[in-house]
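Step one of this worksheet: look at the structure below.
Here, each number is a calculation from the coordinates, and none is a lab measurement. For clarity, every value in this text was computed on a predicted model and none was experimentally measured. Cβ sites come from the backbone with ideal geometry, for glycine too, and all protein chains shown count toward neighbours.
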Amino acid sequence: MLSVEKALEVIISNISVKVQSEKTDIFNCYGRTLFNDIQSEFNVPPKDNSAMDGYAVLTDDIKQATPGSPVSLKIIDEIQAGYEFKGEKLQSGNAIRIMTGAPIPEGADSVIQFEETEESGDIVKIFKSTVKYENIRFAGEDIKKGNTILKKGTRIDSAEVGLLSSLNMNEISVYVKPKVGIISTGDELAEPGFADTGKIINSNAYVIYSEVKKYGGEPFYEGIVKDNYDDVKKKFLKLMDNDIIISSGGVSMGRYDFIPDVLKEIGIDIKINKVLMKPGKPVIFGTAGEKVFFGLPGNPVSVMVSFLQFVRPAILKMIGNNKISKPLLKAKAKEEIIKKPGRKHFIRGIFTIENGNLSVSTTGPQGSGILTSMSSANCLIIIPEEVEVVKIGEYVDIQLTGHSEI
């Protein structure tokens, strides 16, 4: 058996990036991965503009202004956002009413906000001095023309969508999603809504399907396969047009756990068979050319934990993502945790922030069939192989999951 770290190393070394791209529009690029660097063809903002609603002025004109001795200037124009000053250079003794985002007129070197003024007719009294360039945003302050703004391999989140749209892009090149075929195995399974008494309702396939979508794959669910060698073989042969194949169940040591033998017969080279982890020990990983196979355990929590540790990074690498590793945080244990040595444990936990520090407790019972323990968790507490006891107050590594994930 391999350690979690060695298993991940083997998996990543056997994953090839799909060097294929496709175009997507700005409304549908969220969650995709950039296929190329993005450079700006212009400055953002394109011109010096006002950061406040107020008056564009010459700094020297109001350097003596105070609440008790205001300076009066003549208002000669108004500039709304989206429009420009049509006159010539602003002259001493004059002011221009200006709105946030409007271009700074030539000659003006600061903006005094409305709250520091009093307007009457075409005269404005200014009650405060200013310094040069106060309340002015400069051209290229956010983005300079020619700069690389986003790197190839960046996952497009909401901020990146905003950046792309601000660069006048409505069509973006992204990596093609890998096709991921999914099956569940076992005579005991039935689909949600169609379960007979005594059957186990299949949840694994839907968890895997959701996780594949979350991390950038294109999932295809191929249903439940009964515990029959020929049926399992036929199903796998049908799935071989996918980039990734994921099954759940049938990978342990039971009499009807046919998957390892089927994989060998159809030409899949098994590189991992069991990992030193709990839950998720009976994980299989194999390859056939650039196609990869993951055989995940049958218990729901084992499926989720092993997916996060192994399938997630595989998908991210395949779509060219440049951030594969899942970050670890340190948190203080709020309860004693006892485990047997020999395997790395991934314990469902709930972290909280107390006085600026992270603390963590378990979700309670940790059976690999207790799916509620994953639903109520916002992290996984990671306990190394050699550790047997974590005492209250000791620091542990945690991986964020679910809505709090980064």
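Brief remarks on what is shown
- Least to most buried among Lys47, Lys179 (fewest other Cβ within 10 Å first): Lys47, Lys179
- Cleavage-rule hits (GluC sites (Glu not before Pro)) in the range 322-406: DSSP loop, at most 10 neighbouring Cβ within 10 angstrom: Glu386
- Rounded to 5, percent antiparallel among DSSP beta bridges of the range 1-130: 75
- Gaussian network model of the chain, springs between alpha carbon atoms under 10 Å - residue of Thr117, Thr148, Thr33 with greatest fluctuation: Thr117
- Sparse-neighbour loop sites [trypsin sites (Lys or Arg not before Pro); the range 307-406; at most 14 other C-beta within 10 Å; DSSP]: Lys323, Lys391
- Spin-label model distance (nm) - Tyr83 vs Glu218, 7 Å beyond Cα toward Cβ: 5.0
- Loop-located GluC sites (Glu not before Pro) in the range 24-105, at most 14 other Cβ atoms within 10 Å (DSSP): Glu41, Glu84, Glu88
- Label zone at Ile338 (point 7 Å along Cα-to-Cβ), backbone N below 16 Å, the range 373-399: 387-392
- Along the axis of the charge dipole computed for the range 33-114 (Cβ charges of +1 for Lys and Arg, -1 for Asp and Glu, origin at the Cα centre), the listed residues Ile62, Gly87, Ser40 are led at the positive end by Ile62.
- Antiparallel DSSP beta bridges within the chain, as percent of all bridges there, nearest 5: 65
- At full extension, Glu388 and Asn168 could sit 73.6 nm farther apart than now, given 0.36 nm per residue minus the alpha carbon distance.
- Springs between Cα atoms under 10 Å define the GNM used for the chain, and in it the highest mean-square fluctuation of Gln20, Gln113, Gln39 occurs at Gln113.
- Taking log10 I(q)/I(0) by the Debye sum over Cα atoms at q = 0.07, 0.12 Å⁻¹ as calculated from this structure, the corresponding entry among [x] -0.36, -0.94; [y] -0.37, -1.07; [z] -0.52, -0.95 is [z].
- A simple spin-label model places the labels of Ile26 and Ile200 4.9 nm from each other, with each point 7 Å out along Cα-to-Cβ.
- Estimated purely from DSSP H runs of n ≥ 4, each contributing -39500 (n - 2.57), the mean residue ellipticity at 222 nm for the chain is -4500 deg cm²/dmol once divided by its residues.
- Fraction of beta bridges assigned by DSSP in the range 329-401 that are antiparallel (%, nearest 5): 90
- Of Asn204, Asn242, Asn49, the one that fluctuates the most in a GNM where the chain has Cα springs shorter than 10 Å: Asn49
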